[in-house]
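Take a look at the structure set out below.
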Amino acid sequence: MDTIKLTIDNREIEVEKGTTIFQAAKQMGIDIPALCYMKLDNLGVENRPGGCRICVVEVEGRRNLAPSCSTVCTPGMVVHTHTMRVINARRTVLELILSDHPKDCLVCPKNGRCELQDLAARLGIREIHSVENAAVSTYKKDTSPSLKRDMDKCVMCRRCETMCNDVQSVGALSAVNRGFMAVVAPAFEQRLVDSNCTFCGQCVAVCPTGALTEVDHTGRIIQALMDPTKKVVVQTAPAVRAALGEEFGMEPGTLVTGKMVAALRRLGFDEVFDTDFAADLTIMEEGTELLDRLGRFLGGDKTVKLPILTSCCPAWVNFFEHNYPDMLDVPSSAKSPQQMFGAIAKTYFAEKIGVDRKDLVVVSVMPCLAKKYECQRDEFKVDGNPDVDFSISTRELASLIKSANIDFLSLPDEEFDAPLGESTGAAVIFGATGGVIEAAVRTAYEIYTGKKLDRIDFKELRGLDGIRHATIDFNGTPINIGIAHTLGNARKLLDGMRAGMYNFHAIEIMACPGGCIGGAGQPFHHGDSSVIKARMDAIYREDAGKKIRKSHENPYIIKLYEEFLGHPMSEKAHHLLHTHYFDKHD
Amino acid sequence: MPNYKMSLLCCGGTGCRASESVRIVERLREEIAAAGMDNDVQVVVTGCFGFCEQGPIVKVIPDNTFYTNVKPEDAEEIVKEHVVKGRKVTRLLYEDPDTKKHISDSKHMGFYQKQLRIALRNCGFINPENIDEYIARDGYEALAKVLQGTPQEAIETVKKSGLRGRGGGGFPTGLKWEIASKSPGPEKYVVCNADEGDPGAFMDRSILESDPNSVIEAMAICGYCIGASKGLVYIRAEYPLAVKRLQIAMRQARDYGLLGDDILGSGFNFDIEIRYGAGAFVCGEETALIHSMEGKRGEPTVKPPFPAESGYLGKPTNVNNVETFANIPVIFLKGSEWFASIGTEKSKGTKVFALAGKINNVGLIEVPMGTTLREVIYDIGGGIKGGKEFKAVQTGGPSGGCLTKKHLDTPIDYDNLTAAGSMMGSGGMIVMDEDDCMVSVAKFYLQFTVDESCGKCAPCRIGNKRLEEILDKITKGKGTMEDLDYLKNLSKVIKDTALCGLGQTSPNPVLSTLDNFYDEYVAHIVDKRCPAHKCRALRVYAIDPDRCKGCTACARACPAGAIKGEVKQAHVIDTEKCIRCGACFDKCKFNAVIVQ
Amino acid sequence: MDKIELNKCQKDKIAEICAEFGNAPGELINVLHKCQGHFGYLPEEVQREIARNLHIPVAKVYGVVTFYSFFTMQPKGRHSISVCMGTACYVRGAESVLEELKKELKIDVGGVTPDGKFSLECLRCVGACGLAPVMLVDEKVYGRLEPKQIKGILAQYE
C-alpha cells in the first residue's frame, strides 16, 4: 500500500494514497462538517459535487480554501481545519444557504432530522446576515402518491440526482436552470407522477433537508382508528422490525418485533397481522410459477419465458413498465406480499369475521415509499375500494407511536394475531437482497426434487454486492440464479442478459440498496451505510431463530389453500393473487 | 493568378460589416469593373484592422492609404479618383485629433504606433478565406519545422518563450503542454477555447475571422507535442462568421494535406472538429467547457484532476484559448528568445485588448506586455471621448477590477494587474469617465455574474446574488455603512470558497471599487448622493427658472404630481413628492430640468 | 407553454438530425442547436423526441436546455431584437436603449409581443464596440443608438 504523510491540525498522519483530506481527518478523529458530501461505503456510492463548500479547510501554500471532501492529500501537505479564516468562511456560506431557505423548521416534516438544521446548530448560527427582502428561490410544489417535493428547501447537494441517475439509472431528476434558480427537478418541472419516476424514494432517503419527503398518511390512520364503524387491521413488512428501533434510539440492527406488535395493538389496530404471512403466500405462488415455467422449459417448450423475474418490489415493477415494455410477460405475475395480503384480508378474512370490505381498513407498514403508490394502483381496487387502504413507512409508524403517548422502550414483547400473523423464516428474509429468491429456492427445491433440504441457509445468495449470481443444484438440475439490488444494477443485469452475457432461470430484483432494509421508508441512515448491514444481520438472525423456515410449511398457509384458494395458481388464486403489467414507456 | 497592380483591402470583421462593409465591397467591385480595371485591381475582404472606431476601413495597397468611415456611396469616388487617377480622397483620410492634419498611412497614426502585432499579425492583411495568402506570409512553416523535430524539443521552445495562457488564468503554456504530453494514454485531445464570453472582449472572434489558419496550425503543433490526433474548437454559436471562416480554412488545410493523415509526410495525423457553445460564460472554465463538449450542463468540477490528466471523455486534454494559439506559430518562426525578449520579466510577448468605452479610438489593439495603461489609453486610445475626465479603466471583464488614475503608469502584465486588484482576463479594457458611477459598474458586473453563475456551489449561487442585492440597495440610497462591511466580508469569502474561477473572481469588481472608490460608496450611503448622477433614485431634480418657459409639459408628465406652476411661469419641483422617475427631465424641451 | 403535438414529418426530421450525429448522447448540444434552427425553439415535445432518439432521460435534455441561454422554449417573434449588454455598450447607454424598447414594446426581456411581431432579448458583446450602444433586429445591426431612435426603427418592421 502506497502511503503518504501529511499534517492536519498540527498532528502528523500517514494515509493511503488517494485519500481525501476529509477522510484523512476522519481517521484521526477530526470530524469536518459537510453538507452535500455523502458516501455509502459498502454500496460504492459517493456524492461529492463539491458544491456546498461547508467542508472547506485551509491548506498552507494554497491561494483559496480547499473543499476537503474532494481534495486529495499530497505528501507534506499542511492542513488546518479550524482557523478563523475557515470558521468565518463556513459560517458565512452556511448563512448564505440559510438565507435562501424557508424558516418553517418547526412545522417541517424533517424537523429534528434535518442535516441543515443540525449543521446550523453545530456551527452555532444565531442570526442570518442578509439583505432586507433578499430574494429566495421558489418552485412549484408537487405531491405524488408517494413523494412530496418542496424544492424551496433544496440546497443543491445533488444527492437525489446521484441516486436517481447514477445509482438507480432512472433519470427522472436532473439539475435544471442555472444560477440562483438552479434546482433538481423532473423534465419541464412536471409532476413526478407524469414522469418516469418509479417512486423508489431513494431521493427522499438521502435528502438532507425537507425538500424531498414522503406523503404522510398518519393523520388518515388516526382517523380510521378512531372511527367506531371501521375495523382496522395492520400488516408489517419484514424489514420494518429490523429498523424501527432506530427511531427510538436503539442500536441499528436491534430486532423489535415484539415491541412493534405491542405498540400497534396499543395504537388501536383491531388485528395486528404480518406481511410475512403474505410473503409465504407469495413464495407458494411465485415458486409454483417458477417450477411451472422451468418444467415446461426443461420439457422442451421454447416459448416459455425464462428467467422468471421477481415482482415483489413496486419500484422495480414501475421501472420495467417504463423501461422494458417488451418484457412485460417475463416477470412473475404474482402480486407483491403487500397486495396479496390486502386481497386475502378483504376476501378470506373479511368473510371470516363477517365484515364488508368497505368497512375493513387495511393498513400496511412498509420500509418503502413506492408501496404508497402500489396500493393506489387501479388494478388493486374492487369497485374503487383498495385492497390496501393506506401504506405508511417505518418512520411514519414511529411518529404514530410517539404521538400516541406510547413509551416504546418499555413495551413488552407481544405476538402477532392469527390467522394472518403467522410466518416462517423464509418470509422474514424477504427484507434483504437475495432473500426472496432464497425463500423461493427453499420451497421450489423441495417441491421439485421431492426431497428435504439438508441445509436451509443458501449463503451464496446473500451479501451486498450489487449483482450476484449462483447456481443451485436441484438434484442434478443446475438452476442459475441472478440477484440485483438498486435499479442501476437491475438495468445492468437485464442489459447483460439481453446481450447474452447471462443464462439465468430466475432473477431477484430489489430497487433499494440492500433490499427493503435500505428502503426509502426506513429511518434515515444519514449516509452511514453500516446501518444497512446491521439491519441485514438482524433479518438473518430472525430467520435463524424461527421454528419453521420454509414457506410451504406454514400451517396457516396450508390452511388458507385448503379452506379458500384450493391450490397454488388455481383459478381463485390467479384472480386474487396475480396481476398484469402496463406499458408506460414514454 | 492575375498579377494585380493594386489591392483594396476592405475590413470584413463583424463591426465593419455592421456598417455595411459588405455593400462597400460590392460597390467597389462594380466601380472597378465599370472602369474596366478588374484585371489590375482586386478587392480583398480581410479580417479586422482593429481600428473599429473609424470603420469601415478600406486600405489601398501598395501605397498604404488608409480610408476611414467609408460608406457604400464613397466607392465611386475612391475608384474614380484614387484607383483611376491616383488622387487620394482626402476627406476619407484619418484626421489627427491634435494636429487636425490628415494622415494617409496607418503607421503614422497614434493608434498603431505603439502597437506590436503578433497574434493579430495577419489581421487586416490577408483574405482569411484563402489559405494561400496565409501560406504566403510563412503560414504552416512553423508546423513543418516542428514536425522535423521531436515533440520534446517543441515543448521546450514553447516553455522557453515564456508564453502564458491568454484566456485569463495566465498558466504557462509550455508547462501545460508538457503535463499533457506526459499523461499516459493513446487518445488525447487538443481543445481550442473560442467561447469568448467576456462582455466587452472580441479578440478571439476577430482572430478566427481574420486569421483562422494560425489557430489551426497551432493546434496541429500542440497535437504533435502532446500526442493527440484530434482537435476540437469550442466556439460560440453566436459567431457565425468565425465559424464559417474556420470551416473554410479547415477544408483548405485538408486539401493541402496540412490537416488529416500523414501531415507533410511526417506520419503525424491530426484533424479538427467544431463544437458549439450555447451561451454560458462559465464554459470558459476548462472543466465546464469539457462537460459542455460532452453534451452536458456546463458545470465545472473540482480540480484536480486537471484536464491534462482527465479531460474530454476522461482522456488527457490540453485546453488553450484562441489568442494563445495564435502566438504559437510566430514563436517557432522567430524563436523563443525573440518572443521572450518582448514584455516584462514574468509576462512575455504581447497582449490583445478590446479597447472600448469612453475612449476616442475604440478598437482591437495589441501591445507588448509592460506597456502602461496611460500609453494604451492616451497614445493608442486617443484619450477620453468628448474631453471628459478619465475616471477608471476596467480590465479583465467580470473577473477583473476597476483601476484608477494612480494605476495609469503601471506596466500591464499578469502580476501587476492582479496585484492592483484586477486581472488580465481575456483582455477586455473598458474606459470610464466622470459620468460613470462605480457602484453601478460593480452592480452591472455582478448582474452579469448572477446571470452566468452555473448554480453548482453555494457561495457563487447565493453569495453573488446577495452582493448584487446589496449593491442595488446602495444605488437606491438605502444602503448602510454596515452593508459595506458585509459586502467586503462576503466578497472575500466568495473568493475563498467558490468552486471555480468564475466564482473565485466574481467579487473583484466589488472589491476593487471598494478599494479605489470608497468615497463614492459612502456618498451613496451617507449623503444619499450619486456623484456621477447615474443612479436614478438618488437624483435630485430641480427646474432652472431662467430656462423654464412654463410650457407645463413636465407637470403633465409627472406621475407624482410633484411639479407646480402656472402656464408661462417658471415651474417648481416639490422634492418631497418627487419620486425621481426622471419623466420631467426626459420631457423638457428647454433643458430646464436639471439634476443637482 | 402550450403543449404541441409533433406530426410524423417533424418526428422524422428530429430522428434525421439525431442520426446525423450518430444518435450519440455526447452530441446533445449539437442536436439541440440544429433542432432549434429547424423549429425556431425547443418545445417540450421536441425535447422528448430528442431524448427518445439519443436514449437519454428527457430530464437530462431539459437540464441542458435550461442551462444554456442560447436555447429557448419560447417561440420567437417574427423579428427578434437583441440588445448588446456588453460592457462597452453598457457604459455608452445600452440600459436606456433597453428601457425604451421595453416601454415601446410593452414586454420584458425574454418576452414576445402579443401580436408575435417582436421578441426582445439581451446578448453579450456583438463585437461592434466602436458602434456602442448596439442592437440587432434580426441580422441587421443598429449602432450608436439613442433611445429616441427606437420608435422609428421599430416602425420599419412589418
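The values are calculated or read from the model by the stated rules, or taken from the named source; none is laboratory data. Keep in mind that what you see is a predicted model, and the values were worked out from it rather than measured. Note: ideal-geometry Cβ built from the backbone for every residue, glycine included; neighbour counts use all protein chains shown. Ligands, DNA and RNA are excluded from the accessible area calculation, which covers all protein heavy atoms including side chains. Shrake-Rupley method; radii C 1.70, N 1.55, O 1.52, S 1.80 Å.
Residue A:282 sits among other residues whose Cβ lies under 11 Å from its own Cβ, and their net charge, with Lys and Arg +1 and Asp and Glu -1, is -4. Among the trypsin sites (Lys or Arg not before Pro) found in the stretch B:67-144, those both in a DSSP coil and sparsely packed, with 13 or fewer other Cβ atoms within 10 Å of their Cβ, are B:87, B:100, B:101.
For the protein assembly as shown, the share of alpha carbon pairs falling in successive 20 Å distance bins from zero is 10, 32, 32, 18, 7, 1 percent. Near the amide H of residue B:165, within less than 5 Å, lie the amide hydrogens of B:170, B:171, B:173, all on another chain or at least 5 residues away, with H placed in the peptide plane. Averaged over the residues of peptide C:51-60, the number of Cβ atoms from other protein chains lying within 10 Å of each residue's Cβ is 6.
Against chain A, whose longest principal axis is taken from its Cα atoms, helix A:487-498 shows a tilt of about 60°.
Considering only A:228, A:96, C:86, the residue lying farthest towards the positive end of the dipole of the protein assembly as shown is C:86, judged by Cα position with unit charges set on Cβ.
Near the amide H of residue B:434, within less than 5 Å, lie the amide hydrogens of B:389, B:391, all on another chain or at least 5 residues away, with H placed in the peptide plane.
Between residue A:421 and A:274, the built amide H atoms are under 5 Å apart, and every one of these is 5 or more places off in sequence or on another chain. Heavy atoms of the protein chains alone define the surface here; on that basis the protein assembly as shown has 37 Å² accessible area per residue at 1.4 Å probe size.
Cross-link partners of residue C:151 among aspartates and glutamates, defined as those whose alpha carbon lies under 19 angstrom from its own and excluding same-chain residues fewer than eight positions apart: B:586, C:95, C:99, C:100, C:104, C:108, C:115, C:121, C:138, C:139. If you keep only loop residues by DSSP, which GluC sites (Glu not before Pro) in the stretch A:376-454 have at most 14 other Cβ atoms within 10 Å of their Cβ? Of the GluC sites (Glu not before Pro), the ones in loops of the stretch A:376-454 whose Cβ has at most 14 other Cβ atoms within 10 Å are A:415. For the stretch B:55-70, putting each phi into the Karplus relation 6.51 cos²θ - 1.76 cosθ + 1.60 with θ = phi - 60° gives couplings of x, x, 10, 10, 10, 9, 10, x, 8, 6, 6, 10, 8, 10, 6, 6 Hz, in residue order, rounded to whole numbers and with x for Gly and Pro. Classify chain B as rounded, prolate or oblate from the Cα gyration tensor: take a ≥ b ≥ c as the square roots of its eigenvalues, call it rounded if a/c is under 1.5, otherwise prolate when a/b beats b/c and oblate if not. Oblate, because a/c is 1.5 or more while a/b does not exceed b/c.
Other residues within the sphere of radius under 12 Å centred on the Cβ of residue A:162, judged by their own Cβ, net out at +1 (K and R +1, D and E -1).
Rounded, prolate or oblate for chain A? Axes are the square roots of the Cα gyration tensor eigenvalues, ordered a ≥ b ≥ c, and the cut-off for rounded is a/c under 1.5. In terms of gyration-tensor shape, prolate. For the stretch B:501-596, applying the loop criterion from DSSP together with a ceiling of 14 other beta carbons within 10 Å to the trypsin sites (Lys or Arg not before Pro) yields B:547, B:568, B:577, B:589. Take the accessible area of C alone and of A alone, subtract that of the pair with a 1.4 Å probe, and the total buried over both chains is about 1300 Å².
Enter the mean number of other protein chain beta carbons within 10 Å of the beta carbon of each residue in A:53-64, as an integer. Per residue, the average neighbour count from other chains is 2.
Rounded to the nearest 20, the Cβ-based charge dipole of the stretch B:438-525 about its Cα centre (Lys and Arg +1, Asp and Glu -1) stands at 280 debye. Summed over both chains, the contact between B and A buries some 2900 Å² of accessible surface at a probe radius of 1.4 Å.
Packing, taken as the mean count of other beta carbons within 10 Å per residue, orders the peptides A:288-300, B:504-516 from highest to lowest as B:504-516, A:288-300. Measuring from each cysteine beta-carbon in chain C, the ones with no other cysteine beta-carbon under 4.7 angstrom are C:9, C:18, C:35, C:122, C:125, C:129. All other residues whose Cβ lies under 9 angstrom from that of residue A:328 are scored, Lys and Arg at +1 and Asp and Glu at -1, for a net of -4. 3J(HN,Hα) along the stretch A:88-104, derived from phi through the Karplus expression 6.51 cos²θ - 1.76 cosθ + 1.60 where θ = phi - 60°, amounts to 4, 5, 4, 5, 5, 5, 5, 4, 4, 4, 5, 5, 10, 9, x, 9, 9 Hz, with x in place of Gly and Pro.
With the cut-off at 1.5 for a/c, could you classify the stretch B:1-145 from its C-alpha gyration tensor as rounded, prolate or oblate? Oblate is the answer for the stretch B:1-145, as a/c is 1.5 or above yet b/c matches or exceeds a/b.
Charge dipole (Cα centre; +1 on Lys/Arg Cβ, -1 on Asp/Glu Cβ; no other charges) of the protein assembly as shown amounts to roughly 2560 debye. Against chain A, whose longest principal axis comes from its Cα atoms, helix A:435-449 is set at around 30 degrees. Here the sum of -39500 (n - 2.57) over DSSP H runs of 4 or more residues, divided by the residues of chain B, equals -10000 deg cm²/dmol at 222 nm, to the nearest 500. With 32 Å as the limit, write out which pairs from B:478/B:564; A:381/C:60; B:296/C:13 have Cα-Cα distances beyond it, or answer none. Going by Cα-Cα distance, A:381/C:60 fall outside the 32 Å limit.
Per residue, the convex hull spanned by the Cα atoms of the stretch A:51-137 measures out at 127 cubic angstrom.
Legend: mean number of C-beta atoms from other chains within 10 angstrom of residue C-beta atoms, peptide B:495-508, equals 3. The antiparallel fraction among DSSP beta bridges confined to the protein assembly as shown stands at about 55%. Relative to the dominant Cα principal axis of chain B, helix B:151-161 is inclined by about 40°. Considering only A:124, A:180, A:163, the residue lying farthest towards the positive end of the dipole of the stretch A:98-181 is A:163, judged by Cα position with unit charges set on Cβ. Restricting the calculation to alpha carbons of the stretch B:383-422 gives Rg and Dmax of 10.9, 33 angstrom.
Phi-derived couplings, Karplus 6.51 cos²θ - 1.76 cosθ + 1.60 at θ = phi - 60°, listed residue by residue for the stretch B:404-416: 10, 3, 5, 9, 4, 9, 6, x, 6, 8, 3, 6, 5 Hz, with x used for Gly and Pro.
For the residue pairs A:103/A:371; A:148/A:533; B:348/B:405; B:358/B:534; B:465/B:492, the alpha carbons lie more than 21 Å apart in A:103/A:371; A:148/A:533; B:348/B:405.
Here the translational diffusion coefficient of the stretch B:539-595 follows from Stokes-Einstein with Rh set to the Kirkwood radius across Cα pairs; for 25 °C and 0.890 mPa s it amounts to 229 µm²/s.
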